[in-house]
Amino acid sequence: MPLYPIHFFSEDIVFTLKHKLLIRSWIAQTIKSEDYTLGELNFIFCSDDYLLKINQEFLNHNTYTDIVTFDNSETPKNIIGDIFISIERVRENALKFRVSQRDELHRVIIHGTLHLLGYTDKNKKSKTLMTLKEDEYLAKRSF
């Protein structure tokens, strides 16, 4: 059982996340610094097609995306969720934005976490705030 109830899974792809313990700690500290408690958090790494099916089935969106976040908490300020991440999309976006795959993956991981912390990216103002928060927490990585 990990120190933090943060789990990593792969669906329909072969992917191994590096620095799992450090990433768990980083995510847990992010959650704590926003005055939330961590119940349980699952990250599921998958393909574009797998995530497209989730996007279609649960959100009625017929588009590829890098991440879909499900908030399963029934208690305010308590994090329980599932975050699906397309590794194919992360790799493509890393090339597009000229950043390392590692940094792009970490940005997407913290992006999903921020959604569970109540941040949105539905309009320009909220998207700007979310990007600032992503940058803030990415800067706090110690690995």
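The values are calculated or read from the model by the stated rules, or taken from the named source; none is laboratory data. All figures in this text were calculated on a predicted structure; none of them were measured in a lab. Positions of Cβ are generated from backbone atoms using ideal geometry, with glycine treated the same way; all protein chains shown enter the neighbour counts.
Below, the figures for the structure above:
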{"read-out": "Residue identified as in a helix (DSSP H, G or I) and in contact with a Ser or Thr (Cβ under 8 Å, 6 or more places away or on another chain) among Asn55, Asn93", "value": "Asn55"}
{"read-out": "Cross-chain or 6+ apart pairs with Cβ under 6 Å, region 98-115 first and hydrophobic (A, V, I, L, M, F, W, C), then assigned to a helix (DSSP H, G or I)", "value": "Leu105/Val90; Val108/Val90; Ile110/Glu134; Ile110/Tyr137; Leu114/Met130; Leu114/Lys133"}
{"read-out": "Which listed residue, of Ile23, Ile44, Ile79, Ile85, is β-branched (Val, Ile, Thr), part of a helix (DSSP H, G or I) and either closer than 18 Å to His111 by Cα or over 12 Å from the mean Cα position of the chain (by Cα) (or both)", "value": "Ile23"}
{"read-out": "Filter result for Glu40 (touching a residue at least 60 places away in the same chain (Cβ under 8 Å), within 17 Å of His115 (Cβ to Cβ) and among the charged types (D, E, K, R))", "value": "no"}
{"read-out": "Tyr36 of a type in the set (Ser, Thr, Tyr) and over 17 Å from Tyr137 (Cβ atoms)", "value": "no"}
{"read-out": "Region 48-77 residues that are on the phi > 0 side of the Ramachandran plot, paired with ones that are surrounded by 12 or more Cβ atoms within 10 Å (Cβ to Cβ) (beta carbon under 7 Å, 6 or more apart)", "value": "Lys77/Tyr36; Lys77/Thr37"}
{"read-out": "Asp71 touching a Gly at 6+ places or on another chain (Cβ under 8 Å), farther than 21 Å from Leu17 by Cα and among the acidic types (Asp, Glu)", "value": "yes"}
{"read-out": "Val99 being within 21 Å of Lys18 (Cα to Cα), modelled with pLDDT of 95 or more, β-branched (Val, Ile, Thr) and surrounded by fewer than 19 Cβ atoms within 10 Å (Cβ to Cβ)", "value": "yes"}
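Residue-wise test of (1) of a type in the set (A, V, I, L, M, F, W, C); (2) crowded, with 18+ Cβ neighbours inside 10 Å; (3) modelled with pLDDT of 95 or more; (4) over 21 Å from Tyr137 (Cβ atoms).
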| position | (1), (2), (3), (4) |
| --- | --- |
| Ile6 | yes, yes, yes, no |
| Ile23 | yes, yes, yes, no |
| Thr30 | no, yes, yes, no |
| Asn42 | no, no, yes, no |
| Leu51 | yes, yes, yes, yes |
| Val68 | yes, yes, yes, no |
| Lys77 | no, no, yes, no |
| Ile85 | yes, yes, yes, no |
| Arg89 | no, yes, yes, no |
